[in-house]
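Shown next, in structure tokens, is the structure this report addresses.
The values are calculated or read from the model by the stated rules, or taken from the named source; none is laboratory data. All values derive from a computational prediction rather than experimental measurement. Cβ atoms come from the backbone with ideal geometry, glycine included; neighbour counts cover every protein chain shown.
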Amino acid sequence: MTCRVPAHFADYSQAVREKIAEGLALLQDARSRPIQPEGGLETAAGRWSDAATCFSEAVEAVEAEEMGGGGRDSPAFAELLMLYGEALVGSAREALEQDAERMVLGPQVPSVVATGSREEEEEEEEEAPSGKEEAREADTAAEAEASTDEGQRAWEVLECARAVFESSGVVYTPRVIDCYEMLGDLSLYVNDAFEQAASDYAIGIALARQYYGEGSRRLGGLYHSRYVALRSANDWSGALEALEGAVRVFERRVHPTTADESVGDAHDEQRAVLRELRTERDAVREALARKEAAANTAGSNGHATTSSAHGAMADATLPTETAPDVVPVVPKRGVKREAPEAPQAPNTTDEST
């Protein structure tokens, strides 16, 4: 399974380009499959990790051989780092999902179990029963550590890629946005840093508004990602503001004011997304209104409590996702950092897809 290598890797050796092609094929396959079982589709099991291995080997080869293309500060190397970072984030997310599934379902039960004599059973009962349990705990701890290592490495390579793209000119602003989005995904889905994820998405939003315009679907996706992060952080007011931003974007796309905002043949699909976003927004608005009413009632009785407000919030039924890229959050402690300020980018034409 191979994939055509982009032109910006042309200066690398044939061996490196072949490794990149292999990683790209695995990455594209992983992107097309869900991390969790969904609708009978085969999951991306192992593909993210295999892609990360390919890109890791390519990065090591480039660093060791000091090949052409401008070295480590070149956009070509930043492109490779970004692909590597995306694969690492996907692999870390997949590991956490599998770990969470094992915690819920327990160890797999074999379909056939060999039986022995009563004497053998009694001998086994006399042995320490904790061996298998300790082994399972050790395996779980090792997998958690590996996921943390992947998250740390993903942060490092994405930060390096972002810095190179930012110093390479305005033409690479879309790649800077990509990096901030992946950094946000890392904080949201791998670490427990929901506020950090919201901050990264906010920088991506600012850049996307300047570069693509107000009707970009890319902008709408970033708004929704920020909504998920703020909702996970229990910042419902901020989450509603981000969700309303996503609604505004898709309203412009369904009812374009300029030719650049036209959605063409995807009009029906855009309408469906807009309906889902509006439904979710209305649910959040209702929940916030009930929270405020409960707080006012408690305050008027002289015993306002946070539990009553939280109870009103919990009563609302909120949709769990409205976009295909949104998955349930699996919190895990990991890398935390300070987000740099967003670089400035000029306003150009909006993307049409």
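So which pairs qualify, if the first residue must be in the range 7-32 and among the charged types (D, E, K, R), the second must be not in a loop (DSSP other than H, G, I, E, B), the Cβ gap must be under 6 Å, and the two must be at least 6 apart or on different chains?
Matching pairs, first to second residue: R17/F9; K19/C54; K19/E57; K19/A58; E22/C54; D29/R47.
Surrounded by fewer than 22 Cβ atoms within 10 Å (Cβ to Cβ) and either at pLDDT 95 or above or closer than 16 Å to R285 by Cβ (or both): is that true of A198 in this structure?
no
Would you mention how many residues in the range 23-80 are under 30 Å from V171 (Cβ atoms), part of a loop (DSSP other than H, G, I, E, B) and at pLDDT 75 or above?
Qualifying residue count for the region: 2.
Six or more apart or on different chains, Cβ atoms under 7 Å: show the pairs whose first residue is in the range 237-255 and in the same structural domain as A283 (by TED's automatic domain parsing) and whose second is buried (at least 19 other Cβ atoms within 10 Å of the Cβ) and of a type in the set (F, W, Y).
Taking only residues 6 or more apart or on different chains, the pairs are A239/Y227; A242/Y223; A242/Y227; L243/Y227; G245/Y223; A246/Y223; A246/Y227; V249/Y223.
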